[in-house]
Amino acid sequence: MSSIFAAPTAGSVPLHLIARAEAEDWLTARGRAVQNAAKTQNWSGKLGQILCLSEQGLPVRLAIGYGDAAERKRKRFGAVAGLPNMPDQVFELVECHQDWAEEFALAFTLGKYRYDRYATNAVPKAALICPAGVDAEKIEAIVSGEFLTRDLINTPANDMGPAELEAAARDLAKTYAADISVVTGDELIAQNFPLIHAVGRASPRAPRLIDLSWGTSGPRLTLVGKGVCFDTGGLNLKPGGSMGLMKKDMGGAAHVLGLAKMIMAKKLPVQLRVLVPAVENAIGGSAFRPQDILKSRRGLTVEINNTDAEGRLVLADALTLADESPCDVMICMATLTGAARVAVGPDIAPYFTQDVDLSHEIATAATAVDDPVWQLPLHAPYEAMIEPGIADLDNAPAGGFAGAITAALFLQRFVSKTQKFVHFDCYGWQPSAAPARPKGGVGQGTRALFQALPRILNL
Ligand code: BES
Ligand code: MN
Ligand code: ZN
């Protein structure tokens with residue numbers, strides 16, 4: 001029995017989702033008392049409006065306005081999520097359109113997220129019985145994956161260093177009987193992960209590469225996530241304002257671990273691999289420097305023109321390793337550039353791929369599950385911008401034009417041309433509270449990917 005839904009109970013309160021166009025007929029059919037209640041509560045079926053019908057002071061029936069098509073298109077998912085004004089009771093969705101039931105169940109349960117590691121933050125008590133015809137396991141998988149992503153991002157760097165990120169991955173591996181191995185500290189040099197080592201070596205908290213695998217048959221899916229547990233910028237130190245949020249720079253890792261959790265919880269028939277280079281980009285006497293030229297695992301040399309462009313470095317070695325074994329689809333997720341934020345703001349996860357079908361499946365799924373993404377181009381003529389002359393690659397082209405694109409082009413150099421590959425430049429952060437997304441860490445693109453996987457991988 002899944003835990004995010006309430007067990008069916010005789011005392012449950014019926015809950016209706018009523019589109020605005022149907023509101024009047026619905027009220028009429030239910031009679032005078034209900035019409036009066038709608039009038040006094042100013043309820044007209046607008047998206048997210050709650051009509052509460054009581055007997056002897058206790059709610060006995062709720063109707064949630066489901067708005068009109070245009071309203072729903074923009075924000076139906078958020079508007080009904082975790083409805084904060086619902087009484088502390090157990091609700092049962094009744095007479096609901098089947099295609100609304102699943103999204104409502106998901107929105108409702110996602111809306112219950114609270115981060116409470118350091119202070120109590122009570123979860124709303126209103127509970128939902130899993131609606132008929134809705135796959136409780138699927139919702140449970142998505143919600144638990146998303147909550148993992150949020151928890152990992154929200155945890156500050158003092159409690160979420162490379163070792164703690166490893167512990168979280170080990171925890172996940174244990175829960176689903178996945179295999180996990182980790183290469184740590186100087187062993188990274190011995191095993192040829194020079195860029196991961198270079199970025200992480202100034203921190204007393206040793207850098208590492210986490211490698212989790214799960215599933216013995218089916219198509220192969222490899223996820224790679226940026227795990228920079230804190231990004232000071234390195235010797236090219238970030239100004240305070242830009243450093244303020246950098247506990248979330250392991251957001252890519254949090255995304256791929258959350259997506260992995262969804263996949264394993266739902267037991268998708270895939271062979272999954274998750275790679276996370278986990279480091280702290282710190283300052284110190286042993287830090288890598290501007291103008292250092294480092295040789296990557298792939299053999300390409302990289303001139304460091306900004307130690308703050310560290311994400312692409314650690315990902316380069318992880319992608320190289322991923323690319324050494326065959327896989328059907330490779331997905332990279334990273335809080336890679338500020339430029340991606342300038343381009344699309346905090347809500348949208350830009351993604352890059354050369355594969356038209358893959359792109360189409362991702363975009364279609366994203367729309368279906370209200371998890372907005374947008375494709376940006378891997379514009380080949382900009383390749384010249386990442387070629388410095390005295391090394392194969394430049395990690396931080398001067399000028400800063402097209403920063404998200406040049407970062408994606410950099411990553412692409414470490415993946416075979418024939419490999420189906422997509423890279424997401426996510427923000428991973430909700431700047432101010434929205435329904436289903438309290439202020440703080442948030443997954444972006446992972447629900448879309450989870451939705452798209454069956455078609456992408458022909459499951
Ligand atoms: N972690 C940052 C990118 C970032 C900044 C993501 C703010 C989300 C919000 C990354 O490591 C970084 O510092 N990138 C630099 C690259 C530049 C030096 C080429 C950036 O985007 O400014
Ligand atoms: Mn940086
Ligand atoms: Zn970073």
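Its alpha carbons give the range 78-178 an Rg and a Dmax of 16.0, 49 Å. I'd like the distance between the alpha-carbon centres of the range 117-142 and the range 169-230, rounded to an integer number of Å. Here the answer is 30 Å between Cα centres.
For the chain, the share of DSSP beta bridges that are antiparallel, to the nearest 5, is 45%. Of all stretches in the chain that contain no trypsin sites (Lys or Arg not before Pro) in a DSSP loop with at most 12 other Cβ atoms within 10 Å, the longest one is 268-416.
Neighbours of ILE405, meaning other residues whose beta-carbon lies under 15 angstrom from its beta-carbon, give a summed charge of -1 when Lys and Arg score +1 and Asp and Glu score -1. Between the range 438-459 and the range 1-34, the alpha-carbon centres lie 30 Å apart. Go ahead and collect, in residue order, the members of the range 169-189 whose backbone nitrogen is under 20 Å from a label point 7 Å along the Cα-Cβ direction of SER3. Under cut-off, by backbone N: 169-178. Given a 1.4 angstrom probe, I'd like the percentage of the accessible area of the range 1-64 that is carbon and sulfur, rounded to a whole number. After summing per-atom areas, the C and S share lands at 49 percent. The label-point distance for GLU95 and SER432, in a model that sets each label 7 Å from Cα toward Cβ, rounds to 3.8 nm.
Can you give the accessible area per residue of the range 13-131, in Å², using a 1.4 Å probe?
Ligands and nucleic acids excluded, the result is 52 Å² per residue.
One equal scatterer on each Cα of the range 139-456, no solvent, Debye formula: the resulting log10 I(q)/I(0) at q = 0.08, 0.13, 0.16 Å⁻¹ is -0.30, -0.85, -1.39. Rounded to the nearest 10 degrees, the inclination of helix 20-30 to the longest alpha-carbon principal axis of the chain is 30 degrees. Fully extending the segment from SER286 to LYS417 would add 43.6 nm, taking 0.36 nm per residue of separation and subtracting the current Cα-Cα distance. The convex hull of the Cα atoms of the range 13-131, projected and averaged over all directions, covers 8.0 nm². Net charge of the neighbourhood of ALA349, taken over other residues with C-beta under 13 Å away and scored Lys/Arg +1, Asp/Glu -1, is -2.
Rounded to the nearest 20, the Cβ-based charge dipole of the chain about its Cα centre (Lys and Arg +1, Asp and Glu -1) stands at 740 debye. The residues neighbouring ILE263, those whose beta-carbon lies less than 14 Å from its own, together hold a net charge of +3 under the Lys/Arg +1, Asp/Glu -1 convention. Surface composition of the range 139-456: carbon and sulfur atoms hold 54% of the protein heavy-atom accessible area at a 1.4 Å probe.
With the simple spin-label model, which puts each label point 7 Å out from Cα in the Cβ direction, the ASP68 to ALA368 separation comes to 2.8 nm. Ranking PRO207, PRO194, ALA434 by how far each Cα lies toward the positive end of the dipole of the range 139-456 (charges on Cβ) leaves ALA434 at the top. Calculated accessible area for the range 139-456 comes out at 36 Å² per residue, all protein chains present (probe 1.4 Å; ligands, DNA, RNA ignored). The calculated 222 nm mean residue ellipticity attributable to helices in the chain amounts to -10500 deg cm²/dmol, summing -39500 (n - 2.57) over DSSP H runs of n ≥ 4 and dividing by all residues. Across the range 127-132, coupling constants 3J(HN,Hα) worked out from phi with the 6.51/-1.76/1.60 Karplus curve, θ = phi - 60°, read 10, 10, 7, 4, x, 4 Hz, and Gly and Pro carry x. Summary value for the chain: 15 percent relative contact order, contacts being C-alpha pairs under 8 angstrom separated by 6+ residues. Site pair ASN458 and TYR382 shows an inter-label distance of 3.3 nm when each label is modelled 7 Å from Cα along Cα→Cβ.
The values are calculated or read from the model by the stated rules, or taken from the named source; none is laboratory data. Owing to the predicted nature of the structure, the values given are computational and were not obtained by experimental measurement. Here Cβ is always computed from backbone atoms with ideal geometry, including for glycine, and neighbour counts include all displayed protein chains. Surface accessibility is based on the protein's heavy atoms, side chains included, excluding ligands, DNA and RNA. Shrake-Rupley method; radii C 1.70, N 1.55, O 1.52, S 1.80 Å.
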